Amino acid sequence: MTYFQRFRCTLGNVLAALALTSLAAAAGAALSPIDEKQLVDSGFKVLVATTKVQRDWVQRLPPGKIRAMQRTGKKYFIYPDSARNQIYVGGPMEYESYARLHPEHRIADLQQAAKEQSAYRGKQADAMEKASARDLSNPFLGATWADLGW
């Protein structure tokens, strides 16, 4: 391969990478920013993080996205505002109300929520398989003679 052929190949790769990067940036920029006032108008409640654990949890949430989560069998939608140490929390009705105003957020959020839930269920299944295998292989279910005081 000559120098000119390698240069053309490298230049083509660089241009393709730039094109993909600009396309991804344009797709990300196409979403309008989430307006907190519209979330409140849609029925979302504002919860302020008062403890350090709550503030740390709010800081770890991905910014700029509404996130679906399930707690005690109920589905919630959460939007973090880490600058103010608070979250906006709504149920399915509040989320539907907001999604009618901004349908562009619906598709991205639901696809992301499905991916996160699938990954979470996969982790749980792996952990349960390991725990079951450990429990079945050990007749004392993890207890040792030292635990029994022997």
- Tell me, what HN-Hα J-couplings in whole Hz come from the Karplus equation 6.51 cos²θ - 1.76 cosθ + 1.60 at θ = phi - 60° for each residue of region 76-87, using x for Gly and Pro? 10, 10, 10, 10, x, 10, 5, 5, 9, 6, 8, 10
- Query: Out of residues 5 or more away from residue 67 or on other chains, whose amide H comes under 5 Å of its own, with H placed 1.01 Å from N in the peptide plane?
  - Reply: 78, 79
- Item | Segment residue 71-residue 114, extension gain: residue separation times 0.36 nm, minus the distance between their alpha carbons | 13.9 nm
- First check a/c for region 32-129, with a ≥ b ≥ c the square roots of the eigenvalues of its C-alpha gyration tensor; if it is under 1.5, answer rounded, and if not, answer prolate when a/b is larger than b/c or oblate otherwise. oblate
- Message: Expected output is a single nm value to one decimal: the length gained when fully extending between residue 97 and residue 51, i.e. 0.36 nm times separation in residues minus the C-alpha distance. What is it?
- Response: 13.5 nm
- Item | Relative packing of peptides 86-92, 58-64 - highest average C-beta neighbours within 10 Å first | 86-92, 58-64
- Item | Footprinting exposure proxy for 93, 69 (fewest neighbouring C-beta atoms within 10 Å first) | 93, 69
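No lab work stands behind these numbers, since they all come straight from the coordinates. Source: prediction; values computed, not measured. Here the Cβ is made from the backbone with ideal geometry for all residues, glycine too, and neighbour counts use every protein chain on show.
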